[in-house]
Amino acid sequence: MRKLGLLLSRCAAAWKSVRMASSGMARRAPLTNKVALVTASTDGIGFAIARRLAQDGAHVVISSRKQQNVDRAVATLKGEGLSVTGTVCHVGKAEDRERLVATAVKLHGGIDILVSNAAVNPFFGSLMDVTEEVWDKVLNINVKATALMTTAVVPEMEKRGGGSVVIVASVAAFVPFPALGPYNVSKTALLGLTKNLAIELAPRNIRVNCLAPGLIKTNFSRVLWMDKEREESIKETIRIRRIGTPEDCAGIVSFMCSEDASYITGETVVVAGGIPSRL
């Protein structure tokens, strides 16, 4: 009976696909055969973005600082029938950035998309208590490494006739999160980096845009919503009365990397449930 049920389920899915195709409703794969690198992509927002890019047809190379995290994420996504590989990459290390680029080129012949998602937040408290070591770590990983990762992929994108870079910032770039001063400052810097890179890379047919998520339920943001009372209080500040999910960000990134967004560069899309972020 179980086998019969599985067979009937597959037949129903196949029939649905035939009906959609015959009615012109077949889902497009807007990133078919594009090659995408996604940093910090074994969990949370990065993982959701990697999955969506692959679902939309891209060959995705994921990365993380720990091999076991890479192995787990690759196994999960391959188990869903997606074209995903991975390698260890600490974006603050030049040799790791070079290896990530080389891996994509070796496996897929080039690079079309970079999603720069890696970030750290080692501090919670007053700006007056931030040490030089903390400032260096936050700015090196969140800002400098993003710029250098982009520099590393540009030659490969040029060989393909162009490409798309998406930098993951935060709504904290506009509305600072309490007690996260260095993180907030680094995310504001990414808005400026996006605009400057967009101007410089436009003649090379490389678009650069930015995603600014609001509060999204991930392990990274857990300190902000980990108890129920705090979560309910936060929801009251969000016009859409819920905390976001990583999947709320993924489709936006896929759009920004697709030809549907071919006339968009230097822009920031805020995905924050309606939290005011600009005039």
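Throughout, read-outs are computed from the coordinates displayed, never taken from laboratory work. Please read these numbers as outputs of a predicted model, since none were measured by experiment. All Cβ positions, glycine included, derive from the backbone under ideal geometry; neighbour counts span all protein chains shown.
Pairs exceeding a 27 Å alpha-carbon distance, out of 66/106; 93/195; 66/159; 159/195: 66/159. A crude spin-label estimate for the pair residue 247 and residue 29, with each label 7 Å from Cα along the Cβ direction, gives 2.1 nm. In nm, to one decimal, how far is the modelled label at residue 99 from the one at residue 235, with both set 7 Å along Cα→Cβ? Taking the two extended label points, one gets 4.3 nm. The range 122-167 and the range 43-69 have Cα centres separated by 18 Å.
With θ taken as phi - 60° and the Karplus curve 6.51 cos²θ - 1.76 cosθ + 1.60 applied, the whole-hertz 3J(HN,Hα) list for the range 122-128 is x, 9, 9, x, 7, 4, 5 Hz, x standing for glycine and proline. Expressed as a fraction of 2.2 N^0.38 Å, the value expected for a compact globular protein of N residues, the C-alpha radius of gyration of the chain is 1.05.
Quick one: length gained pulling residue 80 to residue 148 fully straight, 0.36 nm per residue minus the C-alpha distance? The partial results should precede the final answer.
Details: separation 68, 0.36 × 68 = 24.48 nm, distance 3.21 nm.
That pair, residue 80 and residue 148, stretches by 21.3 nm at full extension.
Beta bridges per DSSP, both residues in the chain: antiparallel share near 0 percent.
What does the charge count near residue 167 come to, summing +1 for each Lys or Arg and -1 for each Asp or Glu among other residues with Cβ under 12 Å from its Cβ?
On the way: positive: 187, 195, 207; negative: 267.
Neighbour charge sum, excluding residue 167 itself: +2.
The slack between residue 71 and residue 130, meaning 0.36 nm per residue of separation minus the straight C-alpha distance, is 17.7 nm. In terms of the ratio Rg/(2.2 N^0.38 Å) built on C-alpha atoms, what value belongs to the range 55-184? Rg over 2.2 N^0.38 Å, computed on Cα atoms: 1.18.
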